[in-house]
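Accompanying notes for the structure given below.
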Amino acid sequence: MSRVAQPVLTVVGVARAEEVVRFRLAHGELPEAGLRSRGWEPLRPSEVRGSRDPHEVTIAYDVAPLAGDPPTPPPVPRDPGLVVAPGEEAAPYQRLAAYAVVLSERGVLLSRFAGSTNAEGEWGLVGGGVDPGELPEDAVHREVWEESGQRVEVTGLATVTSSHWVGRAPNGRLEDFHAVRVAYWADGIDPSDPVVHDVGGTTAESRWVPLGELSRVPVVGSWGRELPRLLTERGLSIG
């Protein structure tokens with residue numbers, strides 16, 4: 001399986017309205033760790049911008065001078081039970097993806113992963129990989145429609161997360177995988193019963209989950225921690 005070409009990723013730090021650090025995000029380098037290694041403490045992601053041709057995306061953070069030495073990066077984790085054949089090498093792949101925390105009077109919009117993924121049956125935010133020449137906010141509109149048939153209005157940047165591990169892609173390829181995920185706040189426009197248009201893709205179904213029922217939904221990986229935090233910080237009551 002060939003992998004989709006990805007944009008060049010750049011991280012910048014801004015302190016007191018002035019850019020103080022800029023670097024190209026290397027494969028496996030987490031943005032916040034990269035800022036700390038250069039002497040700056042990331043406070044919050046503030047902006048994501050880019051260009052289509054050349055395909056580049058810049059992630060800006062509000063930063064402050066780092067107090068003390070940067071922490072030592074932890075070892076790169078591997079998928080539990082991973083078996084590597086003699087001589088087999090992990091192919092490096094850095095992937096930018098865009099997601100949305102879509103809210104409406106019906107709750108928060110979530111999608112359930114299909115059997116073609118490594119997270120079958122679990123739920124996550126609607127969204128997915130950024131296509132060649134596509135900007136993250138454009139990807140959000142496309143992915144939300146493909147996975148749920150909903151139209152949304154993007155209202156702001158929610159968070160940026162990143163992770164790095166070695167494991168197998170759904171097709172069995174051994175990968176040194178670096179995921180960078182941009183998540184936006186979005187409001188549902190005329191929310192309706194979700195319909196998956198990308199039949200045969202990674203989404204089995206989508207649905208609106210009332211906030212009071214969110215704790216009973218198995219939300220995958222880091223979104224299981226990030227989503228409750230984001231909603232709580234926004235002043236929303238979840239159950």
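The values are calculated or read from the model by the stated rules, or taken from the named source; none is laboratory data. Small disclaimer: the values here were computed from a predicted structure and weren't measured. Glycine gets a Cβ as well: all are built from the backbone with ideal geometry, and neighbour counts include every protein chain shown.
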Item checked: Looking only at the stretch 198-226, and only at residues there that are assigned to a strand (DSSP E or B) and among the hydroxyl-bearing types (Ser, Thr, Tyr), the one that is farthest from SER162 (Cα to Cα) -> SER206
Item checked: Residue within the stretch 76-94 that is of a type in the set (S, T, N, Q) and surrounded by fewer than 18 Cβ atoms within 10 Å (Cβ to Cβ) present -> no
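For the stretch 68-122, which positions are under 25 Å from ILE189 (Cα atoms) and part of a loop (DSSP other than H, G, I, E, B)?
Of the residues in the stretch 68-122, the ones under 25 Å from ILE189 (Cα atoms) are 97-113.
Within the stretch 68-122, GLU105, ARG106 meet the criteria.
Restricting attention to the stretch 45-70, which residues are loosely packed, with under 15 Cβ neighbours inside 10 Å and either of a type in the set (A, V, I, L, M, F, W, C) or over 18 Å from VAL154 (Cβ atoms) (or both)?
SER51, ASP53, PRO54, ALA64, PRO65, ALA67, GLY68, ASP69
Every residue, every condition in (1) closer than 21 Å to VAL8 by Cβ; (2) assigned to a strand (DSSP E or B); (3) in contact with a helix residue (DSSP H, G or I) (Cβ under 9 Å, 6 or more places away or on another chain), yes or no:
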site	(1), (2), (3)
GLY124	no, yes, yes
GLU134	yes, no, yes
GLU147	no, no, no
ALA186	no, yes, yes
VAL196	no, no, yes
Margin query: Restricting to the stretch 158-174, name every residue that is surrounded by fewer than 17 Cβ atoms within 10 Å (Cβ to Cβ) and within 29 Å of SER51 (Cβ to Cβ).
Written below: SER163, ALA169
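Let's see how each residue does on (1) modelled with pLDDT under 95; (2) outside the structural domain of SER162 (by TED's automatic domain parsing):
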position: VAL76; (1), (2): no, yes
position: ASP79; (1), (2): yes, yes
position: ALA100; (1), (2): no, no
position: ARG106; (1), (2): no, no
position: LEU110; (1), (2): no, no
Item checked: Among residues of the stretch 125-145, those that are farther than 16 Å from ASP198 by Cα and under 16 Å from the mean Cα position of the chain (by Cα), counted -> 5
Next item on the list: Run down THR155, THR203 and say which single residue is over 30 Å from PRO73 (Cβ atoms), in contact with a strand residue (DSSP E or B) (Cβ under 6 Å, 6 or more places away or on another chain) and surrounded by fewer than 18 Cβ atoms within 10 Å (Cβ to Cβ).
Entry: THR155
